[in-house]
Amino acid sequence: MIIDFHSHILPSLDDGSASVEESVRLLDILAQSGTELVVATPHFYCHEISAERFLAARNESFERLKPHLKPNHPKILLGAEVLFSSELKKLSELKKLTIQGTNYLLLEMPYIRLSKQITDSVSELADSGVVKLLIAHVERYLNFTSFEDVDELMSLDVLGQLNANSFLSFKTKRNCFKLMNKGYIQVLGSDIHHEDRGKPVSMALDIISKKYGSERVAQFESSGIKLLNDMETYEVME
């Protein structure tokens, strides 16, 4: 089962799909690639919009898309890509931003050096018990911070996600493999925004299979199912 944990397929909601028609085309691409389930994770910035307004807009967008879904389209679960802020722990509706049916929050880190202050704040949120954390596209932060800083972040009680298109260039693919070898990555995502931005998860799985074999691909499927069953982070990692 191919599961896409990171996408921007909902229409007219963020910098992803601009219309219902584009959303349908993106879902066609995912369906053709074998994706069976996709988590819709529109951007949420707590300093720009209230959780209540965001959730209402997200649900309205999904309702507009529903009549246009095709039988072969992947099943859609609702979620959000939540930008890190030290204020998140004060957000009373934080749990409503988690991946549908789970207590996992897809957390996007800021594109700056991951300081001790930031990591400590993430640790506090992870240890609070309010939500469980899935760190979005971990490989991206290596453009702004050191591997040692990422080590500190991923040593917390968190899971990690990689973007499929990061496997398509030598430098980012090498970083993806390194992060995988360290045990930091449990799931994958397309992070698809438009037809020319984002690649299906199957493309990454093909590359992973060639390097590590089918057993490693099966581990991603197993980890994804465990996450969707809302198992604890240590259980997803097993």
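The values are calculated or read from the model by the stated rules, or taken from the named source; none is laboratory data. As the structure is a prediction and not an experimental result, all values here were calculated from the model. Here Cβ is always computed from backbone atoms with ideal geometry, including for glycine, and neighbour counts include all displayed protein chains. When the accessible area is computed, the model is the full protein with side chains, heavy atoms only, and any ligands, DNA or RNA have been set aside. Shrake-Rupley method; radii C 1.70, N 1.55, O 1.52, S 1.80 Å.
When only residues in the range 14-28 that are closer than 19 Å to H137 by Cβ and touching an Asp or Glu at 6+ places or on another chain (Cβ under 9 Å) count, which is surrounded by the most Cβ atoms within 10 Å (Cβ to Cβ)? Of everything passing the filter in the range 14-28, L26 is surrounded by the most Cβ atoms within 10 Å (Cβ to Cβ). Filtering the range 229-238 to residues that are part of a helix (DSSP H, G or I), within 20 Å of I208 (Cβ to Cβ) and open to solvent by 20 Å² or more (accessible area, probe 1.4 Å) leaves only M237. For the range 19-36, taking the residues that are of a type in the set (G, A, S) and either assigned to a strand (DSSP E or B) or out of contact with any strand residue (DSSP E or B) (no Cβ under 8 Å at 6 or more places or on another chain) (or both), the one that is farthest from S223 (Cα to Cα) is identified as S19. Yes or no: A204 in contact with a Leu (Cβ under 6 Å, 6 or more places away or on another chain) and on the phi < 0 side of the Ramachandran plot? Yes; evaluated as a whole, the condition is true for this residue.
For the range 155-168, which residues satisfy the criterion of being open to solvent by 10 Å² or more (accessible area, probe 1.4 Å) and within 17 Å of the chain's Cα centre (by Cα)?
Across the range 155-168, the qualifying residues are D157, N165, S166.
Taking V39, is it without any contact (Cβ under 8 Å) to a residue 40 or more places away in the chain, closer than 17 Å to N163 by Cβ, not hydroxyl-bearing (S, T, Y) and not in a loop (DSSP other than H, G, I, E, B)? So V39 does not fit the description; no. When K171, K132, K199, K226 are checked against the criterion of being open to solvent by 50 Å² or more (accessible area, probe 1.4 Å), at pLDDT 95 or above and among the basic types (K, R), a single residue qualifies: K199.
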